[in-house]
Amino acid sequence: MRQEMDRAWLDQAVHMTQALWRAYVIEPSDEGLQFILASLDPEELSLIGTGKHEFYRDFESFLQGFQNDQAESQGVTFEILDEYYEARQLGSDSCIVFGTLWVREKTDQPKPLLVEMDTRFTLTFRREGDRWLVTHLHHSMPNADQQRDEYYPKTVTEQANAALKYSKALERRAELDSMTELLNHAAFEKYVSSELIDGGTGSAFFMIDLDYFKEVNDTLGHPEGDRVIREFADVLGQVFARDALLGRLGGDEFAVFTTCAVSVEEAEAKAQELIDTWKGRSQGRPVRLGCSVGIVRAVRGDTFYDLYRAADGALYESKRGGRGRFSW
């Protein structure tokens, strides 16, 4: 009959398995590397890993693969999400430890996707004197997302993160006016509406129209008109350098919405700065440059179109009053 093993030996095998995983995945170090190598049976070792290429018939082949594994895992840190261990006696001097280990990449920088592995493992141990040696380890099945010669399923994760980043860039590009890179009409409306849902009380909405723009096109041609549009967008960004949404609504019509409350005096100072700065760009040009501004302050319950209509009406008053001015 098989002699029953003292439970303390089985507990020791479980603790050793936990320590091996931590030295291998969670807290890799030179000391941990030496602990791993000293725990393996150099005469009888075999190992099957999660990588499609990880099938090692002896200690020497494992050692080469292990060195490559450690090099690949540089910069990748994992944390344990869940773990389970159970030990069973095999013979008078051997046992098996099996269980699960669920780990996820730990990073200081936010990433949409992280490397994650939920592995099932089995280790067989042979007792030698007062210690255990690992003779065989088999953990999980090759991950379908792993590439050949890859020890972690990181390629697909990196590709997915890159795809998400590119998708966000395309989404952002679709929101921008192609000529000025300000928000286009639809995106400007969307973001202003979102601000109004969150509050927006006291924010200022500016409607801006370029004066004499038809003269620019008629006198200097449409390519110069395009350059004027782009130059005005730059000036708009300088005057409203922070806490504001900037949009080109179409043609020579622009809009600004401050994302924080501003006083009447502050709003008027911004409008006048914009008018004066743009008028100053007339120097050295054969045509006049100017702009007119309509302003309205948001109150609770306003919608985008409430502000748009009110600011457009104020802009009309500025035009009718002689251009190059602002009105409420």
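Before moving on, here are some points about what is shown:
- Number of positions in region 176-191 that are in a loop (DSSP other than H, G, I, E, B) and either at negative phi or crowded, with 20+ Cβ neighbours inside 10 Å (or both): 6
- When region 24-49 is filtered for residues that are farther than 15 Å from Trp132 by Cβ and either touching a strand residue (DSSP E or B) at 6+ places or on another chain (Cβ under 6 Å) or of a type in the set (A, V, I, L, M, F, W, C) (or both), the ones remaining, listed by number, are Val25, Ile26, Leu33, Ser46, Leu47, Ile48.
- Candidates Glu158, Glu150 - the one that is under 30 Å from Phe55 (Cβ atoms), in a loop (DSSP other than H, G, I, E, B) and either modelled with pLDDT under 90 or not assigned by TED's automatic domain parsing to the domain that holds Tyr305 (or both): Glu150
- Verdict on Glu273 being of a type in the set (D, E, K, R) and within 21 Å of Leu182 (Cα to Cα): yes
- Taken over region 31-47, the residue count meeting the criterion of being of a type in the set (D, E, K, R) and under 37 Å from the mean Cα position of the chain (by Cα) is 1.
- When Ser292, Ser282 are checked against the criterion of being over 21 Å from Ala187 (Cα atoms), in contact with a Lys or Arg (Cβ under 6 Å, 6 or more places away or on another chain) and without any contact (Cβ under 8 Å) to a residue 40 or more places away in the chain, a single residue qualifies: Ser282.
- In the condition set (1) under 20 Å from Gly313 (Cβ atoms); (2) exposed (fewer than 15 other Cβ atoms within 10 Å of the Cβ), Ser292 is compliant with all but (2).
- Selection within region 206-223 - over 29 Å from Tyr305 (Cβ atoms) and of a type in the set (D, E, K, R): Glu215, Asp218
- Within the option set Glu265, Glu224, Glu231, Glu273, being among the charged types (D, E, K, R) and touching a residue at least 40 places away in the same chain (Cβ under 8 Å) holds for one residue only, Glu231.
- Candidates Ser203, Ser194, filtered to the one that is surrounded by 15 or more Cβ atoms within 10 Å (Cβ to Cβ), polar (S, T, N, Q) and either assigned by TED's automatic domain parsing to the domain that holds Tyr316 or closer than 18 Å to Ala311 by Cα (or both): Ser203
- For region 304-316, a residue qualifies if it is surrounded by 15 or more Cβ atoms within 10 Å (Cβ to Cβ) and of a type in the set (D, E, K, R), and the qualifying residues are Asp306, Asp312.
The values are calculated or read from the model by the stated rules, or taken from the named source; none is laboratory data. From a predicted model like this one, the values you see are computed outputs, not experimental measurements. In this analysis, Cβ positions are derived from the backbone assuming ideal geometry, glycine residues included, and neighbour counts consider all displayed protein chains.
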